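The values are calculated or read from the model by the stated rules, or taken from the named source; none is laboratory data. The shown structure was predicted, so the numbers you read here are calculated from the model rather than taken from an experiment. Please note: Cβ atoms are built from the backbone with ideal geometry, for glycine as well, and neighbour counts cover all protein chains shown. When the accessible area is computed, the model is the full protein with side chains, heavy atoms only, and any ligands, DNA or RNA have been set aside. Shrake-Rupley method; radii C 1.70, N 1.55, O 1.52, S 1.80 Å.
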Amino acid sequence: MTLLNTTIPAPEQDTEEIREIPKSALPNKGLACFGAPGVGKSKALRGLAWLLFLDEIPTVLLDMKGDTIDYFLDKLIGNLSYLPQDVCDKYWERVVYIDMHGQYGYVVPFPFFYRLGTERSLWEISERYLQVLLRSDPGLADRPIMGWPPMHKIGVYAGMVLSALSFQITEIFDLLRNPEQWDSRFSQARSRYPTVTEAVNYFRTEYIPMRQTDRERLNTALLNKLFPIRLDRRLRAMFGASQPGISFAEAAPKNHMVLMDCRHIQGDMRRFKSQLVIDYLMAYIKSRGRSPTPFAVIFDEFPQMTVNVSSGTNPLAAAFDSLIQAYM
């Protein structure tokens, strides 16, 4: 069985050997590629991405360095140069490129408080941002005072209120610093979603009466993590939009190749955004259910997405274990 089920002709000068991967291996199996630097791991992933595209299997490629994306696009441009324009257009319609940095002033929205329709509660929606934080910085779990416990508590309550009002993470600064001005919004949130009552009561009866120093002890860790959003207009546009700019549920039936390019992101934000993409993917896969059509996900330079933990369980490892054991 071959994956080369396509009308794209191979250029005569292209003598690269192509290995076949049985399609039967794709729906239920994962492929891992390990090796020392320079042995050809990325080259193997590049070939896999190309074969998946030719066989019209919907694929998401998360690339930390951009080499695999460049190879794929160069390969596609070279092969399509032999075809009429109307045929080329059909192939290009299946390619979606996302610059996760937004270096040219355009971003694809990635809000946290979105709805897939499968969420069981506002609490589940509010946990998304917090779990991305924890996976990108597992050390938070080891900081009892200015770490995960206070961040988780105030983050869940604030996230539930913002979700009930159809607000985004960008409004959390005003909520935590000027909660007295939110009384009418608290009432509006409770009228829309009675299940947000506990969060509203927390702000009215506990958070607002607190002294300023006590509030800061509770919310400083969370606001410090959110600080870059206040400084960068691209981050505000990306995280503050009302709806996601990419829908994997819509991309899958169209057999899209979604190229997510993280090469221009610097520092800890690169790891955070890669974890954000993983969260989006997991949310979609969990809501997708069983399907006879495979959905491929390729991570290139996976170690750049991870952080070693000195003790306990790595949250990212636990998330992938749940994904593989329960959903794959």
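Details
- Among the residues of the stretch 169-192, just one is within 27 Å of the chain's Cα centre (by Cα) and open to solvent by 60 Å² or more (accessible area, probe 1.4 Å), namely E171.
- Flag if S166 is farther than 20 Å from D268 by Cβ, open to solvent by 40 Å² or more (accessible area, probe 1.4 Å) and either touching a strand residue (DSSP E or B) at 6+ places or on another chain (Cβ under 6 Å) or touching a residue at least 24 places away in the same chain (Cβ under 8 Å) (or both): yes
- For S287, the conditions (1) polar (S, T, N, Q); (2) under 17 Å from K65 (Cα atoms); (3) in contact (Cβ under 8 Å) with a residue 40 or more places away in the chain all hold with the exception of (2).
- Pairs linking a residue in the stretch 253-271 that is more than 23 Å from A296 (Cβ to Cβ) to a residue that is part of a strand (DSSP E or B) and open to solvent by less than 30 Å² (accessible area, probe 1.4 Å), with Cβ atoms under 8 Å and 6 or more positions apart or on different chains, are H264/D99.
- Single match in A10, A49, A32, A44 (criterion: open to solvent by less than 20 Å² (accessible area, probe 1.4 Å), small (G, A, S), more than 26 Å from G267 (Cβ to Cβ) and at pLDDT below 90): A49
- Residue selected from the stretch 87-125 under the condition farther than 17 Å from S287 by Cβ and among the small types (G, A, S), by the criterion most open to solvent (accessible area, probe 1.4 Å): G105
- Which numbered condition I57 misses (of (1) in contact (Cβ under 8 Å) with a residue 60 or more places away in the chain; (2) over 24 Å from L235 (Cα atoms); (3) surrounded by fewer than 19 Cβ atoms within 10 Å (Cβ to Cβ)): (3)
- Considering each residue of the stretch 212-219 in turn, at least one proves to be surrounded by fewer than 15 Cβ atoms within 10 Å (Cβ to Cβ), in a helix (DSSP H, G or I) and in contact (Cβ under 8 Å) with a residue 24 or more places away in the chain.
- Annotation: of all residues in the stretch 224-234 being assigned to a helix (DSSP H, G or I) and either free of Cβ contacts under 8 Å to residues at least 24 places away in the same chain or touching a Lys or Arg at 6+ places or on another chain (Cβ under 8 Å) (or both), the one that is least open to solvent (accessible area, probe 1.4 Å) is I229.
- Single match in I154, I172, I208 (criterion: of a type in the set (A, V, I, L, M, F, W, C) and touching an Asp or Glu at 6+ places or on another chain (Cβ under 8 Å)): I208
Residue by residue, here is whether (1) more than 17 Å from the chain's Cα centre (by Cα); (2) at pLDDT 90 or above holds:
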| site | (1), (2) |
| --- | --- |
| S247 | no, yes |
| C262 | no, yes |
| R270 | no, no |
| Y284 | no, no |
| T313 | yes, no |
